[in-house]
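The values are calculated or read from the model by the stated rules, or taken from the named source; none is laboratory data. What you see is a predicted model, and the numbers here were worked out from it, not measured in a lab. Neighbour counts run over all protein chains shown; Cβ positions are idealised from the backbone, glycine included. Just so you know, the surface numbers come from the protein's heavy atoms only, side chains and all, with ligands and any DNA or RNA stripped out. Shrake-Rupley method; radii C 1.70, N 1.55, O 1.52, S 1.80 Å.
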Amino acid sequence: MRYHITHITTYTYAQPVTLSPHMVRLRPRCDSTQSLHAFTLEVSPTPLQQWETVDLDGNSILRLSFADQAIARLTLKAVSEVETYRTNPFDFLLEPWAVHLPIDYPSGLRHQLQPYLGGPSSNFPQTDAIAIQLAHDLWHQTHGNPVMFLSQLCQQIYDTCQYSLRETGDPLPAGITWTEQLGSCRDLTILFMEVCRAMGLAARFVSGYHEGDPDWDERHLHAWAEVYLPGAGWRGYDPTQGLAVGDRHIALVASPNSRQTIPVAGALRSNVGTASSLDYQLTITAL
């Protein structure tokens, strides 16, 4: 699939403010699952400097620095053209030693995957007890088959939890989402990740876009999870949609911690307590 994406974000401040440097994570990634054919970023007011870096997870980050002058509004317009390729999300074979859960990773690979297995670098320092119980229940149901485990987990969250749009705020703990049976896409993604990590599967948080219903005008940023499967690499699962990720998802960035995927991050140098409003417009057109 090939998509044209226009994403406009506007911050309006109640009082004039000055801006510290900002990080922008709106450039779609380019890998074996998708190609970025074109990308532009327009910022108002115009930054003093704009440069691109690559973070520890291989994400492309745009850094902006601004003049020391008061402004009332900040607008960012990102325009992308992306082609996605993964028409079959199950076109893989697992390594022979990875066909049963829990996976006994070689020590070198386990060391590399440690940030994605949970602990202090993840959203929550300890895996939720409810996530652990759900992981054990699914392990019995699927007889420890990794692919069946992930598919069943994705479907069960989709069937059990109602989707709720919540545009701001950190993801909720997995136990709260599962108990209330309600959550935004990032809440459902964290629940999925925590259950995976409880079973020793490396998982990371992905921020991006989903094609959505072409009859709907309203679009929002989307979140889903990627799980590392030896022999298959990183594979996406979207519990909000109840499916494995294919060519109708467009990834921006991925990280073991959702806070490192925030599309625009920065602070104010002055009037830090000043309230502001956030408005964004998103269009995704299949070409």
What nm distance separates the two modelled labels at Asn88 and Asp159, each placed 7 Å from Cα along Cα→Cβ? 2.6
So how much slack lies between Trp97 and Thr10, counting 0.36 nm per residue of separation and subtracting their Cα-Cα distance, in nm? 26.4 nm
May I ask you to list the residues of segment 227-245 whose amide nitrogen lies under 12 Å from a point 7 Å from Cα along the Cα→beta-carbon direction of His111? none
Let me know the charge dipole size of segment 125-244 about its Cα centre in debye, to the nearest 20, where only the beta-carbon of Lys, Arg (+1) and Asp, Glu (-1) is charged. 500
Which of the GluC sites (Glu not before Pro) across segment 123-196 are loop residues per DSSP, with 16 or fewer other Cβ within 10 Å? Glu167
Using a 1.4 Å probe, how large is the accessible area of Asp137, given in Å² and rounded to the nearest 10? 60
How large is the accessible surface per residue of segment 2-117, computed with a 1.4 Å probe and reported in Å² as a whole number? 53
For Ala38 and Asn145 in the same chain, what is the full-extension length gain: residue separation times 0.36 nm, less their Cα-Cα distance, in nm? 34.5 nm
By how many nm would the segment from Thr285 to Leu48 lengthen if fully extended, with 0.36 nm per residue of separation less the alpha-carbon distance? 82.1 nm
Please report the relative contact order for the chain, taking Cα pairs under 8 Å with a sequence separation of at least 6, and give it as a percent rounded to a whole number. 29
Springs between alpha-carbon atoms under 10 Å, Gaussian network over the chain: tell me which of Ser44, Ser35, Ser207 tops the mean-square fluctuations. Ser44
Run the quick spin-label model on Arg166 and Arg269: label points 7 Å from Cα toward the beta carbon, then report their separation in nm to one decimal. 3.5
At 1.4 Å probe size, with no ligands or nucleic acids counted, give the accessible surface of Val54 in Å², nearest ten. 110
